[in-house]
Amino acid sequence: MVMGFNILIMKTNTYAAQSATTPLAPFNIQRREPGAHDVQIDILYCGVCHSDLHIARNEWHGTTYPCVPGHEIIGRISKVGAHVKNFKEGDLAGVGCMVDSCRTCENCVDDLEQFCEKGPIFTYNSPDKHSGGLTYGGYSENVVVDEAFVLHIPHNLDLAATAPLLCAGITTYSPLRHYNVGKGQKVGIVGLGGLGHMGVKLAKAFGAHVVVFTTSANKVEDALRLGADEVVNSRNENEMQAHLNSFHFILDTVAAQHDINAYLLLLKRDGTLTQVGVPSEPLAVQVGSLIYGRRNFSGSLIGGIKETQEMLDFCGAHNITADIELIPIQNINAAYERLLKSDVKYRFVIDMASLKETP
Ligand code: NAP
Ligand code: ZN
Ligand code: ZN
């Protein structure tokens, strides 16, 4: 432990990308020792979000290196600061996509820190007000976070399968709730990956009639098992046409370029398509797809801390977790390649114990 930037710091093992084109590899960073309002979490599991790949490879053009990704963090609290109120040593804890925000703007006061007017401080690749450097994410042995941005984890759920709720769970829960998805509604989920499969489980739990759109023929049976009422092969025009003008709501989770108009045309009058997938290039919207039927095209970004806790509690009460493939951190680069091929069933989660095996 040494003194730096007016705070005590500790050496921490991680996996990091050093550039857009280098594979992730072992790297030591420095974390602050917990301050008065901080907790230190020893990380047990970290989910692998497609955003990790977009950012590690600079696909959104905002990455600063070295970059330690990971924002689906579950662990156990190993230290608490003197003024921490809601957690104690030994508690389970979760950290999602944000670790701080201004806490005073209109959006923060409304519990929508993800839309903080000064910009939320994301769990990685954001300016770190404590160190003066960057925030580093969950592909790491530990993380130090202000308790205001730490979540309580339900005790009845499998921990590894709960990690993806911290991003994939809240990113789908929030728009489904915002648009009051429920009984009597026909709801589409586009793309059956990490976000998509959580969207299916949650929309079903809210009582909707759920239709999955997939490009992968080998996911049809899984989609039905996960709770879908119908599955559409989105590459088959006849199957798509059969659903014209029929959806109340569609959630699009696709991470790559695709024809958005094909889905807008499936909305009923006044229906809404919410985009949560973030392809690196713009999507081309035909205005005609919107004006006929007064359709809405919107976006949604993760969810606030209060809503994330609400989502975790809902998942605890309804026994909802992700379907995961547990991997050692040494396989992270191969996992990224499989994400690019839509070959994940349905979330990779890193078993952080494997980090200790790194020389
Ligand atoms: P993922 O696990 O890789 O799933 C994406 C799915 O999209 C794939 O499994 C595939 O499903 C479908 N897909 C992929 N390429 C496609 C293509 N060329 N055409 C049509 N469908 C395609 O990714 P994820 O972790 O769920 O993340 C999805 C996107 O959401 C990413 O862009 C990520 O950055 C973004 N994201 C946004 C937020 C937010 O707050 N808005 C939060 C987290 C993540 P099928 O095999 O079923 O076709
Ligand atoms: Zn994510
Ligand atoms: Zn704010």
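Just to check your reading of the model, which residue among Val187, Val200, Val232, Val212 is within 9 Å of ligand 1 (Cβ to nearest atom), outside any loop (DSSP other than H, G, I, E, B) and closer than 27 Å to Ser289 by Cα?
Details: Val187 fails: within 9 Å of ligand 1 (Cβ to nearest atom); Val200 fails: within 9 Å of ligand 1 (Cβ to nearest atom); Val232 fails: within 9 Å of ligand 1 (Cβ to nearest atom).
The unique qualifying residue is Val212.
Every residue in segment 99-116 that is in a helix (DSSP H, G or I), surrounded by fewer than 20 Cβ atoms within 10 Å (Cβ to Cβ) and away from ligand 1 (no atom under 16 Å from the Cβ), please.
Scanning segment 99-116 gives Glu106, Val109.
Could you check segment 19-60 and list, in sequence order, the residues that are free of Cβ contacts under 8 Å to residues at least 60 places away in the same chain and over 18 Å from the mean Cα position of the chain (by Cα)?
Passing the criteria: Ser19, Ala20, Thr21, Thr22, Ala25, Phe27, Asn28, Ala36.
It is to be established whether one or more residues within segment 228-245 are outside the structural domain of Ser51 (by TED's automatic domain parsing) and at pLDDT below 95.
No: zero hits.
Given Ile170, Ile153, which one is of a type in the set (A, V, I, L, M), under 15 Å from the mean Cα position of the chain (by Cα) and either not assigned by TED's automatic domain parsing to the domain that holds Arg347 or not in a strand (DSSP E or B) (or both)?
Answer to the selection: Ile170.
Filter segment 328-349 for residues that are in contact (Cβ under 8 Å) with a residue 24 or more places away in the chain and either over 21 Å from Thr253 (Cβ atoms) or more than 18 Å from the chain's Cα centre (by Cα) (or both) and give the result.
Listed by number, the residues that qualify are Pro328, Ile329, Gln330, Ile332, Asn333.
In the set Val220, Val278, which member is on the phi < 0 side of the Ramachandran plot, surrounded by fewer than 18 Cβ atoms within 10 Å (Cβ to Cβ) and in contact with a strand residue (DSSP E or B) (Cβ under 8 Å, 6 or more places away or on another chain)?
After applying the criteria, what remains is Val220.
Being in contact (Cβ under 8 Å) with a residue 60 or more places away in the chain, under 26 Å from Pro279 (Cβ atoms), surrounded by fewer than 20 Cβ atoms within 10 Å (Cβ to Cβ) and within 14 Å of ligand 1 (Cβ to nearest atom): is that true of Gly96 here?
Here the answer is no, as Gly96 does not meet what is asked.
The values are calculated or read from the model by the stated rules, or taken from the named source; none is laboratory data. Because the structure is predicted, anything quoted here is derived from the model rather than measured. Here the Cβ is made from the backbone with ideal geometry for all residues, glycine too, and neighbour counts use every protein chain on show.
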